[in-house]
């Protein structure tokens with residue numbers, strides 16, 4: 001999908017048969033966020049990249065900018081606590097050289 005203007009890159013490492021991967025992608029779409037979806041079943045190199053970046057073996061693994069969110073449960077918790085969009089905004093500012101907002 002790629003990123004939208006003013007939005008930090010969002011990466012979802014996923015597997016097509018994983019229901020939590022689908023839930024995560026649906027939540028991001030619901031919030032109007034674009035993301036790159038990487039199928040780790042198709043590429044051992046991408047799976048190893050995911051493990052190296054996240055230090056976890058399970059999918060989904062979600063990154064917003066440089067921040068490792070974790071899996072679907074962590075993403076959903078951020079959204080419930082109204083912190084997801086604040087994190088997106090903070091990462092967008094960080095990419096533009098501005099400091100992140102306190103509390104995110």
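Observations on the structure shown:
- Count - residues of region 16-32 that are buried (at least 16 other Cβ atoms within 10 Å of the Cβ) and farther than 13 Å from residue 75 by Cα: 1
- Filtered residues of region 10-33 (kept if touching a helix residue (DSSP H, G or I) at 6+ places or on another chain (Cβ under 8 Å) and in a loop (DSSP other than H, G, I, E, B)): 15, 31, 33
- Screening residue 104 with (1) assigned to a loop (DSSP other than H, G, I, E, B); (2) touching a helix residue (DSSP H, G or I) at 6+ places or on another chain (Cβ under 8 Å); (3) at pLDDT 95 or above; (4) surrounded by 14 or more Cβ atoms within 10 Å (Cβ to Cβ) gives one miss only, at (3).
The values are calculated or read from the model by the stated rules, or taken from the named source; none is laboratory data. Keep in mind it's a predicted model, so treat the numbers as computed, not measured. Counting neighbours? That spans all protein chains shown, and the Cβs are built from the backbone with ideal geometry, glycine included.
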